Structures are given as C-alpha cells and as structure tokens.
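A.B. asks: Following this message is one structure expressed as structure tokens.
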Amino acid sequence: MRNAVVVTGLSKHFGETVAVDAVDLEVREGELFSLLGPNGAGKTTLMSMLAGLLRPDAGRATIAGHPAGSAAARAALGVVPQDVALYPDLSARENLIFWGRMYGLGGNALRRRCDDLLAIVGLAERQRDRVDTFSGGMKRRLNIAAALLHAPDVVMLDEPTVGIDPQSRRAILDYVRTLSRSGTTVLYTTHYMEEAQELSHRIGILDKGRLIALGTHEELVRIVGERDVIDLELASPAGATEPHEAFDGLPGVRVEVPSRGDDHVRLLADDSTTALPSLFARAAARNVPVRSVVITEPNLESVFLQLTGRALRD
Amino acid sequence: MKLAALAWRDVRRQFRSGLLLVMMLGAPLLLTGLIYFAFSSPSGTPEIATVTVAVADLDVPPAGAPLAAGRMLVAGLSRPELAPLLHIVTADSADAARAMVTRGDAGAALVIPADFSAAMLDEVPSATASLFTDPARPLGAGVARDVVQRALDTFSGSALAARLTAVHVTGPAASALAGRAAANFAMSATRAMRNRAVDVAMPQGDSPSFVTRMAAQVMGAMMIFFVFFTGAYGASSFLREQEEGTLARLYTTPTTTTTVLAGKFLGTAVTLLVQVAVLLSVSSLVFGIRWGRPLPVVLASAAMVLAAAGFGVLLVAFVRNSRQTGPMFGVVLTATGMIGGLMTSTFTSLPAGFELASRFTPQGWAMAAWRACLDGRGVASMALPLAVTLAIGATCLAVGVPIMRRRFSQGAVS
C-alpha cells in the first residue's frame, strides 16, 4: 500500500517556541489516521503546514505524492478547518457552490455533488437558508461538506467536533467513518482520546511538537504494558482483614494498594475475561459480597499519562 | 471562472448587508433629498426664501451726467416683481453693508462703487460692483448673485449701446443724443431685468432650476463621499475574511494569491459601478438632475470607481484588523472628503486656498470631473480631472497591492 501523506523531519518554530519538532510520519492510502494530543501540542500547526498555509522551517511533506502547498497537493486535499470557515451571509448551497468553484468544479456536476453532500450531512431541507441561521452542529456538518466537494484523495479534519452537542458529534464521527470506508485517506486531529480510539486505524500521539508514540490502539497500549482495571464495589466491609487482602495471590491479578476505602477494591488484571471467574470464586470463598464490577480496558489516556507524566487534558 | 466566482460572492455579500445598502444608496439619496425638498414646494415648484441684500450705493455720477446708474440699479432691484426674492436695505458705507452680512442681518451685501455711473458712460475704463455673500447661506447668496449679475449685465449692455450711439453721431448734438440714448437704454434695461429676474425664480424650458442645480452639486458630492466609503469597505473584506477563517481556507484550495486579490478587486469595482449607476439613475428620476453627456459620465464614473477602489486598498493595507476600519475610514474619508470640497459643494464663495487644498485629495479631483459633467462639458475639457483621478487610483493600487499581497498571501494568513 502506498503512502498518501509523507512527513519527513518537519519543524516549525514561532520565535522561541517550538510548535512542531522534527516530525516523521507516513499515512497510508485509505487509512484513517488520528493525531492525538492536548491543546497546544502542535496538531494544527502540523496540519497547516500540510495544507500549505504555513511554510516549515525544516523538513518536507507530500500529499498524494505532491509537495505540500503545491497546486496539485491542494487539489488532492480537502481541509476541514478547526473553526467553521464559511460565509455566514450566504446560504448553505451558495457556500458549497462557491467552494466547489474554487476547486475547479462547475455546471451540473457541481450541482449534483452539492445535492449529494447536502443530503449526506442532513442539510438538504435547509440548503436555501443563510448559514448564520444554523446551529453550531449544522455549521460543522456543512464545514465538512465543503471540503469533500471535489472528492479529494486525502481529507484533513482539524478537531471537527470541538464545542458541539453529542448528537452532532455522533453524526460527524459517522461521516468520518463512512468517508474512510469509501477509500478516502483521512487525517484526523483531536484531543478526545475516545474519538481517536473509536475511529482510527492508527494513532500518533503528539506532545509539545514531538510525535512521542505511533501505532494502532493495541500497539500503543502494549507499549506501556497497561492492564485492564477492575473496580469492585463491596456490599459491606470485608471484616477484620483489609478488603484488598481477600484478593491477594490470584493468578494474573495485582491488587492496587492502597485501596479506595473499605468498600472498594481496585485490581489490575492481565486479562479481565480470564480473571473474573477466579475473582468471584475468591470473593465467595472469603465471604466478601460484591455489589458491582466495573472493567476499564487500557486506554490512550493512560498511555499518554505513562509517556508524559501528564493527563491528556492537562 | 474562479475570478468571476470570487467577485460574484463579494458583490452578493455586499448587497445583502442592510447597513452597507443604507451607506451606499440610502444615505446619499436621503441627504440630497433633504436639501432638494427643503427648498421645493409640495407642487414641485422651487420655493426660495427672500434674501435680504444690504446695498451701499456709493455712486457719484459725473457732473451733467444723464443718468445715475447706481440709483437706477438699486431701484431696479427694489421693484415689486423681485420682492419675493430680494429685500433691499440700504447701508451708509461698504463696511456697514458687510457688517450686516457678518452679523447675519443680510444674506448678501452689494457695494456700488463711486465711479459706477462714470464707467457706464465710459468716462473711466471700468468699475466693479462687489457682492459680499455669506458662505454659510449658499442658497441666498446664489440667488442674490444671480439677480445682481443679470442686472449688471443689462446695465453693461445699455452702456455699450450708449457708447455706440456716441461713436456714430458726430457734431455738436452728439453728447446730448448720447445722453438720451443712455437714458432710454437704461429704462429698457429695467424692464429687461424684471423679465430676467423672473427666469431665476421660475425657470422655463430646458434650463434646470436653481434647486435642481444645487441638488446636482449635493448629489455629486454625496455620491463621491459614499462611493469612497464603499471602496474602502470592499477592500476591508480581506480583513473580515481573514478573521472568519475563509481566507485561509481559500488558500487550501488550488487558488492563487493573485486570483484572490484580482477577484476581490473585481467584486469591489462591480459593486461600486452598480452603486454609481443606481445613484445616477434614481437622482435623475427623482430630482431631475441631468448629469451630462453619456461618454463624460461613463468616464467620470470609471475614474471615480478606480480611485475609490484604489484608495480603499491603500487604506486597508495599513489597518491591522476589522475593528480598526470604522474609526480609520471615518476619520480619513471624512477628512479627505471635507478637504476635497464634498461638504461645501454648493458654496460659491470659498477662499481660493480651499479650492487649492481640494486638489490634494482624490475626492476633490473626482468632484471636479463631475462638475465638468454637470456643466455639460465634453471629454476634452475634463481631461485633466479625469486623468488625475485615474492616476491617483492607479498610484494607490501600485502602493497598496504589494502590501496587501504580503499580508494576505498564501503562507501568511494562517
């Protein structure tokens, strides 16, 4: 499989601040790749360089084999900016027609494409209304549609779900997934680890301008050796012994000490599926009634915490 | 196609802005309408308030002269037929007459010099009757000047006829004959003056009324003033697009900086041309303004549009963000408009320095071009204001575009 996006040693400084620091990255054709990182990690700066809006201080990048920023690269690229970039005093349809013309489209082909996209993003019935009458979610959906008019090889979405309601967010994630299924290469930035985890074939974690980890979700989790977290809520205190002592010595299970109170125990398991039967057997044998069990699989939050010592949303 | 799409988008956005429509079309028509209807009766016949003219008759006829031209001029101006227009009061001296104007007791002061009769009888080379008007009351000053000028023209004609009579008659009776001829012509002059004075108040035939001529001056000035505002507003769309994020988005498409700049300039130019066409048409229909011959009007419009668009680009090149545009445009365009004479377009007696200062602004040259159009002049006689207006526009673009290109190019807007 060929690479749709290739980034080699890309760097950008703003004065003394290093926004992007020698990033190397390859995104394969048809891949849905997420760049995950906290605010200020350099995601948008990296995207801006790929879109040709910023000139890198060092390194190079290509889009669909063309140098980033060239006319050919821009023709192969659809960019969904972080903030809605539409004309508020034009209608949804007028906006799409205009942006389509900027990609060199016209005539019936453009009109049909607009019809299709307006239907896909659920705005067909509001297509004649001015954009400044739309809700935030509707604007976000139209913002995405404007980048897809020319059926680009690569679509870059820069935090497209920031500040919108859960329903619109869900709709946008579904569009992105559909887009990826159609074979389009998607480069997606977010600081929501759930989105990266849910959508992506591969994830790159960016922090302070550096790409600190890269791989599939499973690979990233494996890198830091994280386990499933099992939280047990007990019906009553475990008697004379400390509650965590009731679960000592179970194979593949480690008890987190100190526990979070007399009626709560946190366990770390190599595999929660195989650990649960022996865990319940031990609870019954030691007469420790369990009220509830919450299993949390290892996630990118813990990966980021492990790699940087900080939470993703710090 | 991209160029047209960019221009059409801007035109559409500008004509959808209610505030901009008021500025582009409503304000100039309203301001002109206020002036026009304030001085017109509901029937459409101009109603001009009576102007008080302070007359200092210093004329001392030569001994044995057959007429006292100064006294006759005053008598002519005081006739009942002119009463609706002029109210004549006498003053003892030139200073006293001028003082009445300064105090606001009179709209104009007419000073008839001591050698007025002598000049009429050709005993001295010439004599000048001076009219001192109040610049703050341009309408009254204009009426007084019209009536007095026509009266003086009539007297000059009478004196010329008297002189011709004297030349052709020789011998001892010549002097007496000349005196009688002068008296006869002076009497007929009074009648002629009365008829002409009626022309001033109630114009007949193809001649535009005084109020229409004044409305044309105001409309021309207001059109220029607001066209320059629209030009600046059009250029400021770069700033708004930068803040809306659409300019950066434009540069993620395969569209060059040159195309974006050219599209925006084209959009502004089209908007301005539509604005000018609407203002010319509506003012012609509503106020009866005749703007002049078609070709000069087209050229004056084109030159003004280029100057306004270019001046707007130059202004925006030095503005940091859209919040600064309001104060910046307000100060600069109002100041240059005032210096360019747009606020005093109907004033007839401004200091010479004011006229000179107006030549340092693009609005002043545009106004000169439109005045030439309104006077019915051809292209050749308005070549200078046209050429200078165009040159100012081109110079503004030559300075402003490279700055705009640096500020708003791909790679500089993220």
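A.B. asks: Given points 7 Å out from each Cα along the Cα-Cβ axis, report the A:ASP57 to A:LEU276 separation in nanometres with one decimal.
C.D. replies: 5.2 nm
A.B. asks: Quick check: pseudo-label points 7 Å beyond the Cα along Cα→Cβ at B:ALA380 and A:ASN3, how many nm apart are they?
C.D. replies: For the pair B:ALA380/A:ASN3, the computed spacing is 7.3 nm.
A.B. asks: Per residue of the stretch A:67-80, what does 6.51 cos²θ - 1.76 cosθ + 1.60 with θ = phi - 60° give for ³J(HN,Hα)? Whole Hz please, x for Gly and Pro, Karplus curve as stated.
C.D. replies: Result, ordered by residue: x, 4, x, 6, 4, 5, 5, 5, 5, 8, 10, x, 10, 9 Hz.
A.B. asks: DSSP loop (so not H, G, I, E, B), at most 13 other Cβ within 10 Å: list which chymotrypsin sites (Phe, Trp or Tyr not before Pro) in the stretch B:313-414 pass both filters.
C.D. replies: Numbers: sites: B:PHE318, B:PHE329, B:PHE347, B:PHE354, B:PHE360, B:TRP365, B:TRP370, B:PHE408; in loops: B:PHE318, B:PHE347, B:PHE360.
Here the chymotrypsin sites (Phe, Trp or Tyr not before Pro) that fit, given the DSSP loop and packing criteria, are B:PHE318, B:PHE360.
A.B. asks: Under 10 Å, Cα contacts only: if you run a Gaussian network model on chain A, which one of A:ASP153, A:ASP89, A:ASP57 comes out with the highest mean-square fluctuation?
C.D. replies: In the Gaussian network model the winner is A:ASP89.
A.B. asks: Treating the beta-carbon of each Lys and Arg as +1 and of each Asp and Glu as -1, no other charges, what is the dipole magnitude of the protein assembly as shown about its Cα centre, to the nearest 20 debye?
C.D. replies: On the way: 66 positive and 62 negative charges, 481 e Å.
Magnitude of the dipole: close to 2300 debye.
A.B. asks: Show me the GluC sites (Glu not before Pro) within the stretch A:2-98 that DSSP assigns to loop and that have at most 12 other Cβ atoms within 10 Å of their Cβ.
C.D. replies: A:GLU16
A.B. asks: A further question follows. List the lysines whose Cα sits under 28 Å from the Cα of A:LYS139, skipping any in the same chain fewer than 8 residues away.
C.D. replies: A:LYS43, B:LYS2, B:LYS264
A.B. asks: For the stretch B:11-119, which trypsin sites (Lys or Arg not before Pro) are in a loop by DSSP, counting at most 16 other Cβ atoms within 10 Å?
C.D. replies: Details: sites: B:ARG12, B:ARG13, B:ARG16, B:ARG71, B:ARG98, B:ARG103; in loops: B:ARG16.
Sites meeting the loop and neighbour criteria: B:ARG16.
A.B. asks: Extending each Cα 7 Å along its Cβ direction at B:LEU273 and B:PHE354, get the distance between those two points in nm, one decimal.
C.D. replies: Modelled inter-label distance: 3.6 nm.
A.B. asks: Based on Cβ point charges of +1 for Lys and Arg and -1 for Asp and Glu, what charge dipole magnitude is obtained for chain A about its Cα centre, in debye rounded to the nearest 20?
C.D. replies: Working: 35 positive and 41 negative charges, 266 e Å.
It comes to approximately 1280 debye.
A.B. asks: In chain A, what % of DSSP beta bridges are antiparallel (nearest 5)?
C.D. replies: Numbers: 36 of 54 bridges.
Around 65 percent antiparallel, to the nearest 5.
A.B. asks: Still on this structure, I have one more. Going by amide H atoms built from the backbone, whose H comes under 5 Å of the H on A:ASP89, apart from near neighbours?
C.D. replies: Answer set, sorted by chain and number: none.
A.B. asks: While we're on this one: Please build a GNM for chain A, connecting alpha carbons under 10 Å apart, and tell me which residue among A:LEU300, A:LEU54, A:LEU220 fluctuates the most.
C.D. replies: In this elastic network of chain A, the residue with the biggest mean-square fluctuation among A:LEU300, A:LEU54, A:LEU220 is A:LEU54.
A.B. asks: Under 5 Å between amide hydrogens, which residues at least 5 positions from A:ALA19 or on another chain qualify, with H placed 1.01 Å from N in the peptide plane?
C.D. replies: A:LYS12, A:HIS13, A:PHE14
A.B. asks: Counting only helical runs of four or more DSSP H residues, what would the 222 nm mean residue ellipticity of chain A come to if each run contributes -39,500 (n - 2.57) and the total is spread over all its residues?
C.D. replies: On the way: 10 runs with 105 residues, N = 314.
Here the helix-only value at 222 nm equals -10000 deg cm²/dmol.
A.B. asks: Quick one: which residues, 5+ away or cross-chain, put their amide H under 5 Å from the amide H of A:MET156? H built at 1.01 Å from N.
C.D. replies: Amide H neighbours of A:MET156: A:GLY78, A:VAL79, A:VAL80, A:LEU187.
A.B. asks: I've got another one for you. Cα-Cα pairs above 31 Å in chain A: how many percent? Could you put the intermediate results ahead of the total?
C.D. replies: Numbers: 21174 of 49141 pairs.
Tail of the P(r) past 31 Å holds 43 percent of the pairs.
A.B. asks: What ranking do B:VAL319, B:VAL282, B:VAL143 get, fewest neighbouring Cβ atoms within 10 angstrom at the top?
C.D. replies: Details: B:VAL319 20, B:VAL282 17, B:VAL143 24.
Listed from fewest to most nearby Cβ atoms, that is B:VAL282, B:VAL319, B:VAL143.
A.B. asks: Further question: Taking a label point 7 Å from the Cα of A:ALA151 along the Cα→Cβ vector, which residues of the stretch A:85-105 have an amide N closer than 14 Å to it?
C.D. replies: What the label zone holds, given the 14 Å backbone N cut-off, is A:105.
A.B. asks: Give the percent of DSSP beta bridges with both residues in the protein assembly as shown that are antiparallel, rounded to the nearest 5.
C.D. replies: Working: 41 of 69 bridges.
Given both bridge residues lie in the protein assembly as shown, the antiparallel proportion sits at roughly 60 percent.
A.B. asks: Counting only other chains, what is the mean number of Cβ atoms within 10 angstrom of the Cβ of each residue in peptide B:242-251? Before the final figure, lay out each step's value.
C.D. replies: Working: counts 0, 0, 6, 7, 10, 2, 8, 14, 4, 7.
The mean count of partner-chain Cβ atoms within 10 Å per residue comes to 6.
A.B. asks: Once Lys and Arg get +1 and Asp and Glu get -1 on their Cβ, which of B:GLY326, B:THR257, B:GLY378 lies farthest toward the positive end of the dipole of the stretch B:253-409?
C.D. replies: Working it through, the farthest residue towards the positive pole turns out to be B:THR257.
A.B. asks: Does the stretch A:81-198 classify as rounded, prolate or oblate by the C-alpha gyration tensor (a ≥ b ≥ c root eigenvalues; a/c under 1.5 gives rounded; else a/b over b/c gives prolate, otherwise oblate)? Please list the in-between numbers first.
C.D. replies: On the way: a/c = 1.89, a/b = 1.30, b/c = 1.45.
Because a/c hits 1.5 or more and a/b fails to exceed b/c, the stretch A:81-198 counts as oblate.
A.B. asks: Would you please state the base-10 log of I(q)/I(0) at q = 0.05, 0.06, 0.12 1/Å for the protein assembly as shown, with intensities from the Debye formula using one equal scatterer on every alpha carbon?
C.D. replies: Result of the Debye calculation: -0.47, -0.59, -1.24.
A.B. asks: Now for a different question. Kindly state, to the nearest 0.05, the FRET efficiency for B:ARG240 paired with B:ASP92, given R0 = 45 Å and r defined as their beta-carbon distance.
C.D. replies: Rounded to the nearest 0.05, the efficiency is 0.10.
A.B. asks: Average partner chain C-beta neighbours within 10 Å, per residue of A:78-91? Can you show the working numbers first?
C.D. replies: On the way: counts 2, 5, 2, 6, 1, 4, 4, 9, 4, 8, 3, 5, 4, 0.
The shielding value for this peptide is 4.
A.B. asks: Taking R0 as 22 Å, what FRET efficiency do you get between A:LYS208 and A:LEU305 from their Cβ-Cβ distance, rounded to the nearest 0.05? Walk me through the numbers on the way to the answer.
C.D. replies: Numbers: r = 15 Å, r/R0 = 0.69.
Calculated value: 0.90.
A.B. asks: At what distance in angstrom do the alpha carbon centres of the stretch A:57-93 and the stretch A:23-54 lie from each other?
C.D. replies: Result: 12 Å between the Cα centres.
A.B. asks: Go ahead and run the numbers for FRET between A:SER70 and B:ARG213, Cβ-Cβ distance against an R0 of 60 Å, rounding to 0.05.
C.D. replies: On the way: r = 61 Å, r/R0 = 1.01.
Using R0 = 60 Å, I get an efficiency of 0.50.
A.B. asks: Which residue fluctuates the most in chain A, going by a Gaussian network model with Cα springs under 10 Å, if the choices are A:VAL154, A:VAL176, A:VAL253?
C.D. replies: Among A:VAL154, A:VAL176, A:VAL253, the largest mean-square fluctuation in the Gaussian network model of chain A belongs to A:VAL253.
Computed from the coordinates by the stated procedures, all read-outs in this text should not be read as laboratory data. Not measured: the values here are computed from a predicted model. Because the Cβ atoms are built from the backbone with ideal geometry, glycine has one as well, and the counts that use them run over all protein chains shown.
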